[in-house]
Every structure is written in C-alpha cells, then in structure tokens.
1. Evaluate the stretch 174-184: report whether one residue or more is out of contact with any helix residue (DSSP H, G or I) (no Cβ under 7 Å at 6 or more places or on another chain) and in a loop (DSSP other than H, G, I, E, B).
2. Within the set of pairs 6+ apart or on separate chains, which have a first residue in the stretch 188-211 that is over 24 Å from ILE10 (Cα atoms), a second that is open to solvent by 30 Å² or more (accessible area, probe 1.4 Å) and of a type in the set (Asp, Glu), and C-beta atoms under 6 Å apart?
3. Considering only residues that are of a type in the set (S, T, N, Q) and open to solvent by 50 Å² or more (accessible area, probe 1.4 Å), which ones fall in the stretch 193-220?
4. Which one of these is without any contact (Cβ under 8 Å) to a residue 12 or more places away in the chain and either part of a helix (DSSP H, G or I) or within 28 Å of THR108 (Cα to Cα) (or both): LYS69, LYS33, LYS50?
5. Given the criterion surrounded by fewer than 23 Cβ atoms within 10 Å (Cβ to Cβ) and within 28 Å of ASP157 (Cβ to Cβ), identify the matching residue among THR108, THR88.
Amino acid sequence: MGYDVSFHPISPEEMREWYFTPLTWIQQGQEKKVLIFATQHGMEDFYAKKYLDTLRVGAGTESSELFDKSHGFYLAVIQGFFRDYYYTRGSSFSFLVEEKPEYAQYFTPWEQVVPIAFPNPAENRIIENYCSGVYLSPEQVARLLRNLEQEPKVQEDLERLWSGGQLAVLKKALTAAAELGVGLLEATEVVEPNPIHPNESTSYSNLYHCDRDGVYLYMDTVSRQLEDALRGREGQA
C-alpha cells in the first residue's frame, strides 16, 4: 500500500500536556500561552508557529469529524515537535489487524486513552491518508516487544508486513517507546519523504525529528525499482 506511515512514541499524559490542554488555551484566546509553552520545551520559533497552527486547526474541529482524521492525526503531528518519530513505507498495525484480528489485544481504543470525552466518532485504525491509526499503550508496547523477541509466530507475522528491513525500524520505534515508558501512535502522511529528491521531503511536524532509517530503506527500494525498470527497457531495445 502507498501509505507513508509514521510511529510516534507518546503517553496519554503527554497527549494531555502537549495537545488537549493547549487546545483549551486556543479556545480561550490564550495563544501566547502556547508559544511560551513551546519555548519552555526548547522549540525553535519556526516549529513553535507550526505547533500553534496545528492547535488552531484542532480547535476548529467539528464534532462530526472522525477523531482519526482530526484530533488523532494532530496528536501524531504535535508529537513530532517534541521528540523523534519513525517511518516505514506502507506497513502498519492497522493493516496487520485487518488480516489477523488477534493482534487487537495490543491496541487501545481512543475512548480509553483521551483524558476527556470527545463526541467525534472513531474508527481506531488507518482508513485513508492523513489519518491516525491504532494506539499501543505503554504496557502493550512492552508486551509486543517482548513477544516479538520470544515468539517466532509474532516475528513471522510482523516481518511479512514490515519486509525489506523495515521490521528493524518498527523494533526501533517500539524500543524507544519502551525505554521512555510511553505508548506508540501510528499515523499516515505526517511525513512524506521524497525518495528521488530527499531535499523536497515534507512534514506537517518537525522533519528533522523523523528517524532516517526507514526513509533510507524507502529510497533504496525506489532506486532498485528504477534500475530494474531501466534494465527492462534496455532489454526491449
């Protein structure tokens, strides 16, 4: 699948501190408070402004909008202003659980995560571009990481989806979350690498906080595909 999927280590407490509480500041007309908060966390002015802009969009979300396409996606975006996140091309837990429902044991629905009740309906999975996916709680991160190392079936299932070296990137994301004692949120199109012209890559968040390993794998894959296509044309000439 052609999704640019990213994985964001974040806890429910950080969701509240970084998004839900500042969202109330926006709604109360206290935007300056957001910028002060961003500065206190070492955020550069450029990214503090992007952070504020994201919160403004979040504050304007209608109650009928899908949580996954609004607040869930914005949570993934704002996480990237505060710490690193991880990229894989076309592989996600949302796709895994569609094929193997037993993996739902590792995911927590939004209604059990968010600190306040939102009227927005939620699918709790990736349904299209610019969308959040599943959320793994800190405990579920630790359990999946442990089972990934100890159970060959889990290793096999995940390696089939995160192929071509991408499983190492997923393990890196899970390990980072486990070491921080936080959960892991997936989303699509927070970052959109350009494998042909890397300098033209874009991110709704902080592009420099995107771990490069998955991006390099994507670039290598596209490079091989181009080489194969060129050889095929030469063979037909």
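1. Taking every residue of the stretch 174-184 in turn, none turns out to be out of contact with any helix residue (DSSP H, G or I) (no Cβ under 7 Å at 6 or more places or on another chain) and in a loop (DSSP other than H, G, I, E, B).
2. Taking only residues 6 or more apart or on different chains, the pairs are ASN194/GLU200.
3. Hits for the stretch 193-220 are ASN199, THR202.
4. LYS33
5. Checking each option against the conditions leaves just THR108.
Residue by residue, here is whether (1) at pLDDT 95 or above; (2) open to solvent by 10 Å² or more (accessible area, probe 1.4 Å) holds:
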position	(1), (2)
VAL113	no, yes
ALA117	no, yes
TYR130	yes, yes
SER137	yes, yes
LYS153	yes, yes
TRP162	yes, no
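The values are calculated or read from the model by the stated rules, or taken from the named source; none is laboratory data. Since the model is a prediction, treat every value here as computed from it, not as a measurement. Note: ideal-geometry Cβ built from the backbone for every residue, glycine included; neighbour counts use all protein chains shown. Each accessible area value is taken on the protein alone, full model and side chains, heavy atoms only, with ligands, DNA and RNA left out. Shrake-Rupley method; radii C 1.70, N 1.55, O 1.52, S 1.80 Å.
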